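Note sheet for the following structure.
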Amino acid sequence: MDGIVGLYGPGDRELVNKAFLATGACQHRGKASTGLAVANTKGIYVHKGLGRIAEIIDPNTIKTFRDLEPQAAIGNIGYTKRRVPERVNAEPVMICPRNFSPLQVAITMDGYLIKDDDLRAELEADYSFQTDNKTEVIGALLHKYLSEEGIRFEAGERLLQTLSGRATFALTAIVHDGSNAHLVALNDAKAFEPFCHAIIDDVFVISSESCSHRRLSGTNPTEYDGGQMTICSPDGCAVKRLVTEPMMPDIFQGVYFGNVASLFRGKEIFQIRRELGLKLTAHYATSRADIVIPNPESGWGVTVGLAEGLGRPLLPALIKLPQAVRTFQEGERTTRTQEVGLKFGGIDSLLRDRAVAMGDDSIVRGSVSEGGSVWVVYNAGARLIEFWISYGPMFFPSFKEWHRGIECLQELAVQRAFAESTPYDKDLDEINRAVARLVGVDEVKYNRKELIEEVTGPGSFQALDASYPIDERFWPDWLKKEVDLFHRVRGH
């Protein structure tokens with residue numbers, strides 16, 4: 001879930017500042033690390049570190065890079081790749097061939113590669129790996145194919161073939177041929193990870209989200225289809241789709257991860273979330289709530305739809321506190337609970353003696369109940385909470401969590417709610433009641449997959465139905481058994 005950008009604009013004196021602004025616009029995606037790489041006629045220069053972008057890239061850094069008269073730049077806002085962030089794994093990453101190569105490559109990526117041991121083993125004779133970041137493996141493959149094919153679309157075709165069925169990615173890379181910098185971008189064949197491009201004031205700008213383009217005063221960027229590659233060079237910029245497969249965009253990007261002002265498959269994310277709230281109220285029809293409140297920040301969009309559909313006042317009665325830390329990827333439940341408890345504050349005068357409809361994007365592990373937002377709302381005096389959820393019951397973990405083993409399945413709220421049986425043979429009302437007991441609210445109101453799809457369009461609903469973008473041959477055995485049970489019980 002990194003935020004990534006790429007810019008190509010030889011002669012633009014503000015190129016580095018534009019890279020800083022475009023990268024910073026993705027800050028909501030991660031706070032673990034930040035990095036920029038720029039290139040001029042002489043080579044590639046990288047500056048990166050741990051922390052937010054304003055902590056790592058200061059005005060002196062921007063001035064120094066600007067004075068290099070760069071032709072291209074790439075940037076990264078890093079989500080936590082390890083429980084403890086390490087600078088060595090921050091991006092962009094420079095690829096280190098063991099023998100002389102006329103090509104230099106710096107790369108950053110949003111996405112994930114399933115297993116990399118075999119690929120590392122094949123590449124180790126020719127490349128010296130400096131990190132345990134999967135982006136470096138994909139960067140080494142890119143360097144290898146560019147070296148053999150030239151800076152041409154054929155190199156991208158080979159990379160897509162090698163990674164087919166085992167990776168999702170959107171990547172930007174600077175490639176230096178000894179004389180000039182080139183900007184290369186490529187996404188996976190299913191377009192699972194969001195990716196878009198536009199020309200803004202003669203600069204070609206690529207980003208994981210369209211909020212970067214808006215930050216540079218650009219509008220209406222073009223979203224990449226699957227397997228689409230960009231090559232920018234002194235001869236110009238070309239975009240080509242290398243393979244044609246059914247696309248499978250990650251629906252959870254629109255429901256949770258994306259910036260509300262960005263586009264997701266042609267639709268503003270805020271409106272996606274608002275419409276999900278309207279779908280919920282149309283489905284459930286009735287509510288005992290006096291007021292509607294968001295579970296900030298990602299609950300705002302669905303809550304606007306809830307308030308509109310229910311005809312109840314929308315109040316900012318639950319606030320996110322300044323000391324809040326991001327808890328989504330925290331693995332230890334005790335630590336996660338403590339951190340969630342530091343995130344929120346309740347407004348007693350708005351909540352006391354009220355029946356509350358609280359909107360949220362999803363329930364993943366259910367940690368909101370354990371010292372988190374639910375506790376804060378009750379502690380402020382609310383007499384009832386209906387927990388309205390824009391997404392459906394999450395039966396399965398993201399494939400990006402598989403490396404943690406079966407624990408990533410067992411910790412999901414729906415799985416914990418039916419720890420002594422199985423959730424797969426339960427209808428939505430039964431699931432709503434069980435998860436309500438688990439998270440400590442009066443009611444849970446999950447959305448239905450078919451209603452979500454009416455709003456978002458088709459794509460990967462991996463957590464709801466195991467529609468993974470990864471070939472089954474790469475699935476862990478415990479997951480294969482679980483998905484087989486899911487299909488047998490549901491008669492698929």
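Out of the residues in segment 82-127 meeting the condition of being closer than 20 Å to HIS47 by Cα and small (Gly, Ala, Ser), tell me which one is surrounded by the most Cβ atoms within 10 Å (Cβ to Cβ).
ALA106
Across segment 283-297, what is the number of residues that are free of Cβ contacts under 8 Å to residues at least 60 places away in the same chain and either assigned to a helix (DSSP H, G or I) or surrounded by 17 or more Cβ atoms within 10 Å (Cβ to Cβ) (or both)?
Counting residues in segment 283-297 that are free of Cβ contacts under 8 Å to residues at least 60 places away in the same chain and either assigned to a helix (DSSP H, G or I) or surrounded by 17 or more Cβ atoms within 10 Å (Cβ to Cβ) (or both) gives 1.
To keep it simple, each residue is scored yes or no on (1) among the small types (Gly, Ala, Ser); (2) at pLDDT below 90.
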residue: GLN253; (1), (2): no, no
residue: GLY258; (1), (2): yes, no
residue: THR286; (1), (2): no, no
residue: GLU297; (1), (2): no, yes
residue: ARG326; (1), (2): no, yes
residue: THR335; (1), (2): no, yes
residue: ILE363; (1), (2): no, no
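Among the strands (runs of 3 or more DSSP E) contained in segment 182-281, which hold 2 or more residues that are more than 22 Å from the chain's Cα centre (by Cα), more than 16 Å from ALA25 (Cβ to Cβ) and of a type in the set (Gly, Ala, Ser)? It would help to see each step written out before you state the result.
Numbers: elements: 196-200, 203-207, 228-233, 236-241.
Answer list for segment 182-281: 236-241.
Identify the residue in segment 161-181 that is over 27 Å from PRO458 (Cβ atoms) and surrounded by fewer than 24 Cβ atoms within 10 Å (Cβ to Cβ) and, among all such residues, is nearest to the chain's Cα centre (by Cα).
Pass one, segment 161-181, residues over 27 Å from PRO458 (Cβ atoms): 173-181.
Those left that are additionally surrounded by fewer than 24 Cβ atoms within 10 Å (Cβ to Cβ): 176-180.
Details: HIS176: 29, ASP177: 32, GLY178: 34, SER179: 35, ASN180: 32 Å.
Checked segment 161-181; the qualifying residue nearest to the chain's Cα centre (by Cα) is HIS176.
Considering only residues that are small (Gly, Ala, Ser) and over 22 Å from the mean Cα position of the chain (by Cα), look in segment 410-460 and name the one that is nearest to GLY491 (Cα to Cα). I'd like the intermediate steps shown before the answer.
Just the residues of segment 410-460 that are small (Gly, Ala, Ser), to begin with: 413, 417, 419, 421, 434, 436, 440, 457, 459-460.
In the following step, the residues that additionally are over 22 Å from the mean Cα position of the chain (by Cα) were identified as 417, 419, 421, 434, 436, 440.
Working: ALA417: 22, ALA419: 21, SER421: 18, ALA434: 23, ALA436: 27, GLY440: 32 Å.
Across segment 410-460, the extreme among qualifying residues is SER421.
Scan segment 97-118 and give yes if some residue there is without any contact (Cβ under 8 Å) to a residue 40 or more places away in the chain and either aliphatic (A, V, I, L, M) or not assigned by TED's automatic domain parsing to the domain that holds GLU209 (or both), otherwise no. Write out each step before concluding.
If we filter segment 97-118 for residues that are without any contact (Cβ under 8 Å) to a residue 40 or more places away in the chain, which is where we start, we get 98-100, 116-118.
With the extra rule that they be either aliphatic (A, V, I, L, M) or not assigned by TED's automatic domain parsing to the domain that holds GLU209 (or both), the set shrinks to none.
So far as segment 97-118 goes, no, none of its residues is without any contact (Cβ under 8 Å) to a residue 40 or more places away in the chain and either aliphatic (A, V, I, L, M) or not assigned by TED's automatic domain parsing to the domain that holds GLU209 (or both).
Mind counting the residues in segment 401-415 that are touching a residue at least 24 places away in the same chain (Cβ under 8 Å) and surrounded by fewer than 17 Cβ atoms within 10 Å (Cβ to Cβ)?
So the count comes out to 3.
So, in segment 298-324, how many residues would count as being in a loop (DSSP other than H, G, I, E, B) and touching a residue at least 60 places away in the same chain (Cβ under 8 Å)?
Start the filter on segment 298-324 by keeping residues that are in a loop (DSSP other than H, G, I, E, B), which leaves 298-299, 311-313, 315-317, 321-324.
Narrowing further to those that are touching a residue at least 60 places away in the same chain (Cβ under 8 Å): 298-299, 317.
Result for segment 298-324: 3.
In this structure, is ALA191 touching a Pro at 6+ places or on another chain (Cβ under 8 Å), at pLDDT 95 or above, crowded, with 24+ Cβ neighbours inside 10 Å and at positive phi?
Working: touching a Pro at 6+ places or on another chain (Cβ under 8 Å): yes; at pLDDT 95 or above: yes; crowded, with 24+ Cβ neighbours inside 10 Å: yes; at positive phi: yes.
Yes.
So which residues in segment 449-492 are closer than 30 Å to LYS267 by Cα and outside any helix (DSSP H, G or I)? It would help to see each step written out before you state the result.
Quick first cut of segment 449-492, residues closer than 30 Å to LYS267 by Cα only: 449-471.
Correct list: GLY457, PRO458, GLY459, SER460, PHE461, ALA466, SER467, TYR468, PRO469, ILE470, ASP471.
How many residues, within segment 83-103, are part of a loop (DSSP other than H, G, I, E, B) and closer than 11 Å to GLN130 by Cβ?
Here is the first cut: in segment 83-103, the residues part of a loop (DSSP other than H, G, I, E, B) are 83-86, 90-92, 95-96, 98-103.
Retained after the next criterion (residues that are closer than 11 Å to GLN130 by Cβ): 95-96.
Total meeting the criteria: 2.
Name the one entry in LYS48, LYS18 that is over 16 Å from the mean Cα position of the chain (by Cα) and either surrounded by fewer than 18 Cβ atoms within 10 Å (Cβ to Cβ) or not in a strand (DSSP E or B) (or both). Before the answer, list the steps.
On the way: LYS48 fails: either surrounded by fewer than 18 Cβ atoms within 10 Å (Cβ to Cβ) or not in a strand (DSSP E or B) (or both).
Of LYS48, LYS18, the one residue that is over 16 Å from the mean Cα position of the chain (by Cα) and either surrounded by fewer than 18 Cβ atoms within 10 Å (Cβ to Cβ) or not in a strand (DSSP E or B) (or both) is LYS18.
Which of the residues spanning segment 377-398 are surrounded by fewer than 23 Cβ atoms within 10 Å (Cβ to Cβ) and either without any contact (Cβ under 8 Å) to a residue 24 or more places away in the chain or assigned to a helix (DSSP H, G or I) (or both)?
TYR378, ASN379
I'd like to know if segment 448-459 contains one or more residues that are without any contact (Cβ under 8 Å) to a residue 24 or more places away in the chain and more than 29 Å from PRO194 (Cβ to Cβ).
Taking every residue of segment 448-459 in turn, none turns out to be without any contact (Cβ under 8 Å) to a residue 24 or more places away in the chain and more than 29 Å from PRO194 (Cβ to Cβ).
Pick from ASP132, ASP110: which is part of a strand (DSSP E or B) and under 28 Å from ASP477 (Cα atoms)?
On the way: ASP132 fails: part of a strand (DSSP E or B).
None of the other options fit; the residue is ASP110.
Among the residues of segment 207-244, count how many are buried (at least 21 other Cβ atoms within 10 Å of the Cβ) and of a type in the set (Val, Ile, Thr).
2
From the list ALA90, ALA32, which one is under 17 Å from the mean Cα position of the chain (by Cα), at pLDDT below 95 and under 25 Å from TYR127 (Cα atoms)?
ALA90
The values are calculated or read from the model by the stated rules, or taken from the named source; none is laboratory data. Only a predicted model underlies this, so the values are computations on that prediction, with no experimental measurement involved. Neighbour counts run over all protein chains shown; Cβ positions are idealised from the backbone, glycine included.
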